[in-house]
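See structure below.
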Ligand code: ARG
């Protein structure tokens with residue numbers, strides 16, 4: 001490939017090359033090219049180009065006829081990109097190069113005027129912010145749908161008892177709806193983090209040029225406004241060097257991935273023969289190629305497994321950034337694949353999880369039987385003693401002895417006869433039986449945030465309100481036409 005000084009190859013366009021005698025080596029070109037993955041920034045690059053064309057016109061650098069033709073060509077190019085009539089070629093180094101080629105094909109020399117006052121450095125930072133702000137809303141919509149699925153199941157199971165666990169050991173009875181809502185709380189924090197991130201990401205780098213701003217009378221504040229940003233970057237060097245928005249988005253995505261993984265792990269356990277709390281719908285379970293009886297929770301396992309690549313994406317970008325001198329360095333081209341992969345991963349996993357949760361059948365009978373098992377009502381006994389004036393330290397000891405007796409006899413707490421209760425401790429009068437029911441234990445929990453039917457219903461209503469407000473946020477549009 002030989003490159004004459006005008007940066008045009010026999011078949012392609014280059015955005016540099018005037019000072020070069022020969023063309024790039026094949027090995028360099030192959031390393032350098034990013035269009036195979038950054039092409040998805042094209043709609044955002046075109047939006048930024050429209051805003052830039054208008055600013056050049058206001059600066060008197062494009063006359064009325066020129067800006068009209070420029071905007072029409074950008075629209076035409078956008079339509080051609082969308083229809084697939086315009087495609088990047090192997091000769092296009094990146095999305096910016098490909099789109100400049102498209103513009104030159106449509107406008108000839110006029111197409112070359114758009115690059116005035118901007119650089120791929122401020123362009124790519126702008127494009128990636130636009131892409132992420134747009135896709136953060138898509139991810140938020142999918143999160144809301146998963147929250148919907150969990151909330152709907154929770155609504156059915158406010159009063160379904162389940163054994164709550166710590167250390168994966170039966171601890172205290174809980175409402176199964178309460179446990180499902182615990183996962184929704186994590187998703188609500190993810191949504192809150194996304195919108196909080198969005199406020200910080202809404203800064204426009206355009207106008208920074210390569211790093212120093214421009215000697216042309218551009219208007220970065222107006223460009224920022226047109227592109228839906230809340231402000232223009234206050235420092236042109238930071239504008240092109242900063243990738244905090246990418247790293248921070250990836251943290252939000254990674255933590256969300258961890259939440260999905262923990263939910264996935266629970267479903268894996270719940271669907272196991274040993275638990276048997278939940279039965280998956282056939283549409284959201286898989287079989288085995290050799291064992292005909294198998295019904296596997298692959299959706300849940302993949303949700304768990306995908307957390308690894310989300311965490312990896314964050315680590316990739318942080319590691320790439322850590323030693324970089326200001327301002328732009330080519331290393332930063334490595335920010336895109338992890339970002340795209342994180343978005344794709346969440347957009348893939350969330351709908352599958354939502355479908356799995358909304359179609360699963362909760363085995364209320366199995367949960368009810370499991371709820372008191374493992375002496376989950378022992379704390380009720382200890383607190384009953386406390387209400388009768390026994391110091392908690394002693395109440396704990398007494399209840400522990402009672403449990404030991406039950407373990408030895410392989411019986412449940414309510415199966416110990418009155419005289420034996422009295423032998424364990426004179427405090428253990430037959431009235432203790434009043435607290436030895438799962439329903440009683442749940443109903444006794446009336447403080448806000450606890451697992452009783454009252455507070456769980458209150459929580460449910462509050463969660464539904466918050467999900468609605470995130471649904472509205474997710475539907476907002478940031479990228480202008
Ligand atoms: N493809 C590049 C990237 O993604 C665009 C910016 C290139 N800038 C440059 N000066 N080489 O980072």
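Values quoted throughout were computed directly from the atomic coordinates according to the rules given, and no laboratory measurement underlies them. Here the structure is a predicted model, which is why all the values come from computation and not from measurement. For neighbour counting, all protein chains shown are included, and Cβ atoms are generated from backbone atoms with ideal geometry for every residue, glycine included.
Summary of computed values
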item: Residue-averaged [θ]222 nm for the chain, counting only DSSP H segments that reach four residues, each worth -39500 (n - 2.57); result: -19500 deg cm²/dmol
item: Whole-Å distance, taken between Cα centres, linking region 78-96 and region 27-62; result: 11 Å
item: Two-site FRET efficiency, residue 113 against residue 286, from Cβ-Cβ distance with R₀ of 51 Å, rounded to 0.05; result: 0.35
item: Fewest-first ranking of 384, 473, using other Cβ atoms within 10 Å as the exposure measure; result: 473, 384
item: Gyration tensor (alpha-carbon) shape descriptor, region 9-54, a/c threshold 1.5; result: oblate
item: Descending semi-axes in Å of region 124-227, equivalent ellipsoid built from Cα gyration tensor; result: 47, 13, 8
item: Rg and Dmax [Cα atoms of the chain; Å; Rg one decimal, Dmax integer]; result: 30.5, 102
item: Ordering of 166-172, 77-83 by burial proxy (mean other Cβ atoms within 10 Å per residue, highest first); result: 77-83, 166-172
item: Peptides ranked, highest mean first, by Cβ atoms within 10 Å: ranges 87-97, 452-462; result: 87-97, 452-462
item: Alpha-carbon spread of region 78-125, three principal axes, descending order, Å; result: 29, 24, 20
item: Isotropic mean projected area of the C-alpha convex hull, region 49-105 (nm²); result: 4.0 nm²
item: Exposure proxy ranking, count of Cβ atoms within 10 Å, fewest first, for 364, 432, 144; result: 364, 432, 144
item: Span from the region 256-282 Cα centroid across to the region 391-438 one, whole angstrom; result: 34 Å
item: Gyration tensor verdict on region 10-149 (Cα atoms; rounded if a/c is under 1.5, prolate if a/b is larger than b/c, oblate otherwise); result: oblate
item: Estimated inter-spin distance, residue 458 and residue 36, nm [label 7 Å along Cα→Cβ]; result: 5.8 nm
item: Residue order, fewest to most surrounding Cβ atoms within 10 angstrom, among 291, 70, 237; result: 291, 237, 70
